[in-house]
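The next block holds one structure in the form of structure tokens; read it before the comments.
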Amino acid sequence: MNWMLLLIPIVGACIGWLANRMILNALIKRILPRKQPAIAQQVGTLASQLVSFDEIEKKIAGPEAMEKIMPLVEGHIDNFLRNKLGQAFPMISMFIGDKTINQLKEIFMKEMQEIFPQLMKSYVQNLRTDLDIEKMVTQKITSFPPQQLEAAIRQQLGKELRQFEWIGAGVGLLIGIIQVLLSLAIA
């Protein structure tokens, strides 16, 4: 048996591995940067479909948000009534005590509980008109440096990219084995 025939599958595996590696590099280094604006536009469109201002409104104007923010608001109102008001109007601090401060705080807190959801809904409405998510995401992806995009793709798909290279090696090896078998069958 000719030992040179054994080189055929090995060379085939190397060629298959190298071919797939070159294809991946061409895709990532040459084609991806050219397609980056189109990809950015598609991702921007998808992002604008995924982000729901109605859901945002429900989340920030809902009862759970109120429960989270009200202790902070109450702390600020208490600080205002006990400290800042007295600093701004020293005469007032002489006439109001804890009872009056607590009554005022209670009134302000009730008012805040009524006005806070309205403020948040108004805020979301302003966001809805002022914030173009599709445009923002498209611009960010378009301006993303190609080298960083390549690095991110290689980091996220490293295992799959190596598998693709090894598939090329396997196919090359298989083709080499078939060539050797055909050579032996013909000889």
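The single condition among (1) more than 30 Å from residue 148 (Cα to Cα); (2) assigned to a helix (DSSP H, G or I); (3) without any contact (Cβ under 8 Å) to a residue 60 or more places away in the chain that residue 2 does not satisfy is (2). Does region 19-40 contain any residue that is of a type in the set (Gly, Ala, Ser) and in contact (Cβ under 8 Å) with a residue 60 or more places away in the chain? Yes, region 19-40 has at least one match.
Of the helices (runs of 4 or more DSSP H) that lie entirely inside region 28-89, those containing 3 or more residues that are in contact with a Ser or Thr (Cβ under 6 Å, 6 or more places away or on another chain) span 32-50. Of the residues examined, residue 138 is one that is among the hydroxyl-bearing types (Ser, Thr, Tyr), at pLDDT 90 or above and assigned to a helix (DSSP H, G or I). Condition check: assigned to a helix (DSSP H, G or I) and free of Cβ contacts under 8 Å to residues at least 12 places away in the same chain. Does residue 147 satisfy that? When the stated conditions are applied, residue 147 passes them.
Inspection of region 92-99 identifies at least one residue that is at negative phi, acidic (Asp, Glu), in a helix (DSSP H, G or I) and in contact with a helix residue (DSSP H, G or I) (Cβ under 9 Å, 6 or more places away or on another chain).
Give 179, 147 a once-over and let me know the one that is more than 30 Å from residue 67 (Cα to Cα), out of contact with any strand residue (DSSP E or B) (no Cβ under 6 Å at 6 or more places or on another chain) and surrounded by fewer than 12 Cβ atoms within 10 Å (Cβ to Cβ). Exactly one residue qualifies, and that residue is 147.
Note on region 155-187: among residues that are assigned to a helix (DSSP H, G or I) and at pLDDT below 90, the one that is nearest to residue 23 (Cα to Cα) is 183.
The values are calculated or read from the model by the stated rules, or taken from the named source; none is laboratory data. Just so you know, these numbers come straight off a predicted model, no measurement behind them. Cβ sites come from the backbone with ideal geometry, for glycine too, and all protein chains shown count toward neighbours.
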